[in-house]
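J.: I am attaching a structure below and will ask some questions about it afterwards.
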Amino acid sequence: MNKNCRKLKPVSEYMPLVYKIAKRVHGQVHAQADMDDLVSWGTMGLLEAMKRFDPDRGIQLSTFAYRRIHGAMIDGIGNVAPLARQCYRNARAAGDPHAIYRRHGETEQIVDPRKRISPSDFTERAQVCNQLEAAISKLSHEQQHLVRQHYFGNQSLMQAGKSLGISKSWASRSHKNALRALRASLQPCSVS
């Protein structure tokens, strides 16, 4: 047993946090997961957070546990999701992360974003992809590698940074600078 667990309150005192996060996630994912599953996954995240928590660091367990609880719920959804992660990423990149869920009467259906696309939408997406690729190619070698591996290669920043021989914190800073440069490069030009 972790020596830090003896200093913590019982799990039941943190369950309102798990329910609060589960309600928020459930509101975002609709029919993708029910509340019981979210609470179950969140509880596992809470237990993991309690196991790793160090009260001597000067933060509250609820602050430390929030990301682990939320992450456990998202991972749980990902494990039971009927579509590949790339489909969800594409929908999020298009500006509507819930675009794959469409309401038809009282039920929700999952719409595969790879299907039912008009030729004009396809052309517009192709143009955006070309603009994005041009903007990425203007980044430094390190930033290009991080962006491509993280967003298109399904690697974490830590994994992408490790392949470059840089630390997680350096990869994070470089990633942040890359996103800033991409945002500036992709801003529509203002006409005076």
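Any read-out appearing in this document is the output of simple, stated calculations on the displayed coordinates, not a laboratory observation. Here the structure is a predicted model, which is why all the values come from computation and not from measurement.
J.: Starting at the first residue of the stretch 15-25, write each ³J(HN,Hα) from the Karplus equation 6.51 cos²θ - 1.76 cosθ + 1.60 with θ = phi - 60°, in whole Hz, x for Gly and Pro.
T.: 5, x, 5, 4, 5, 4, 5, 4, 4, 5, 5
J.: Then there's this: Run the numbers for ARG57 and GLU124: contour at 0.36 nm per residue of separation, minus the present Cα-Cα distance, in nm.
T.: That pair, ARG57 and GLU124, stretches by 19.2 nm at full extension.
J.: Next question. Holding the Cα-Cα limit at 26 Å, pick out from LYS138/LYS176; LYS51/LYS168; LYS23/LYS168; LYS23/LYS51; LYS20/LYS51 the pairs that are longer than that.
T.: Violating the 26 Å Cα-Cα cut-off are LYS23/LYS168.
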